[in-house]
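What follows is a single structure, written as structure tokens, with notes after it.
The values are calculated or read from the model by the stated rules, or taken from the named source; none is laboratory data. Here the structure is a predicted model, which is why all the values come from computation and not from measurement. Here the Cβ is made from the backbone with ideal geometry for all residues, glycine too, and neighbour counts use every protein chain on show.
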């Protein structure tokens with residue numbers, strides 16, 4: 001092995017392709033890091049799962065709020081009907 005500047009060729013850092021480094025848009029042969037891709041996919045999956053969970057909680061809360069409103073309105077209608085019935089009964093007695 002030939003040495004340049006006292007460093008063996010097998011110990012040198014690989015030479016960079018200047019054309020590809022200066023024009024990254026033209027470089028079509030790039031390597032995707034599989035670990036980074038998995039991390040990004042995992043993060044995206046977690047975000048989607050959290051969003052779905054929040055959506056379900058909102059739907060459940062909305063349904064519960066609708067039920068509460070229905071019960072309250074029904075109670076008011078029954079109270080008003082009872083009051084009208086009591087008033088008409090008192091008026092008939094007089």
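Would you confirm whether any residue within region 39-56 is more than 20 Å from the chain's Cα centre (by Cα) and in a helix (DSSP H, G or I)? Don't jump to the end; show me each part of the working.
Taking region 39-56 as the starting set, the residues that turn out to be more than 20 Å from the chain's Cα centre (by Cα) are none.
Looking through region 39-56, none of the residues is more than 20 Å from the chain's Cα centre (by Cα) and in a helix (DSSP H, G or I).
Close Cβ contacts (under 7 Å, 6 or more residues apart or on different chains) running from residues in region 68-94 that are surrounded by 10 or more Cβ atoms within 10 Å (Cβ to Cβ) to residues that are part of a helix (DSSP H, G or I) and modelled with pLDDT under 95 are absent.
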